[in-house]
């Protein structure tokens, strides 16, 4: 159902829909970020959307949502902290985000992107903890770019299977991101090995 809502919204609004859904995901729109980004990739593969504008709008949507969360935490965190923590489900994620931030510092922002709900709570927490905006940008925006690119390419590759894959990812995202990172590292290592083998072969024939 959420997938159908997204497709209808994109049909009506176009590229801006990708930005708005991701940006407003902070307030609880019932469409997972992964679904939105992969749908952008799938529609680009189907030539319904142009790849570059679709990717740019999804990446900007993620960055804007993170920045909005940070800004709320930085400028109004003390006013909302008590209310948020009094709400059982919200308070649970804020506590986890605080633990993540205490343990990993700025890297908690990058890690939280791979964890549903924490990706919204952690920017708020680091903002409330008075992290400098330049430091926040340093961790948040490059991480958002990499995360968005990974899911956009995945959506481009799986195309019409986005809805089914999204359900699996939402359930096992931390494991999925680990496997994806492992696959990328293995691929890079393989390409380096092949390039080195080719170079050694050429040197032996000279």
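Filtered by the rule that a residue be surrounded by fewer than 24 Cβ atoms within 10 Å (Cβ to Cβ) and either closer than 15 Å to residue 150 by Cβ or touching a strand residue (DSSP E or B) at 6+ places or on another chain (Cβ under 8 Å) (or both), the stretch 52-61 gives 55, 59. Taking the numbered list (1) farther than 17 Å from residue 32 by Cα; (2) crowded, with 16+ Cβ neighbours inside 10 Å in turn, residue 142 passes all entries but (2). Of the listed requirements (1) assigned to a helix (DSSP H, G or I); (2) modelled with pLDDT under 75; (3) surrounded by fewer than 16 Cβ atoms within 10 Å (Cβ to Cβ), residue 26 misses just one: (3). Quick one: would you say residue 10 is at pLDDT below 85 and either assigned to a helix (DSSP H, G or I) or under 21 Å from residue 112 (Cα atoms) (or both)? Judged against the criteria, residue 10 is a match. Examine the stretch 71-85 for a residue that is modelled with pLDDT under 65, more than 15 Å from residue 135 (Cα to Cα) and not in a helix (DSSP H, G or I), and state whether such a residue exists. There is no residue in the stretch 71-85 that is modelled with pLDDT under 65, more than 15 Å from residue 135 (Cα to Cα) and not in a helix (DSSP H, G or I). Total residues in the stretch 112-138 satisfying the condition of being crowded, with 20+ Cβ neighbours inside 10 Å and either out of contact with any helix residue (DSSP H, G or I) (no Cβ under 8 Å at 6 or more places or on another chain) or more than 21 Å from residue 24 (Cα to Cα) (or both): the figure is 1.
For every residue, the table says whether it meets (1) closer than 21 Å to residue 17 by Cβ; (2) under 20 Å from the mean Cα position of the chain (by Cα); (3) modelled with pLDDT under 85.
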position: 54; (1), (2), (3): yes, yes, no
position: 68; (1), (2), (3): yes, yes, no
position: 89; (1), (2), (3): no, no, yes
position: 115; (1), (2), (3): no, yes, yes
position: 120; (1), (2), (3): yes, yes, yes
position: 124; (1), (2), (3): no, yes, no
position: 140; (1), (2), (3): no, yes, no
position: 156; (1), (2), (3): yes, yes, no
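The values are calculated or read from the model by the stated rules, or taken from the named source; none is laboratory data. Please read all numbers here as calculations on a predicted model, not as lab measurements. Here Cβ is always computed from backbone atoms with ideal geometry, including for glycine, and neighbour counts include all displayed protein chains.
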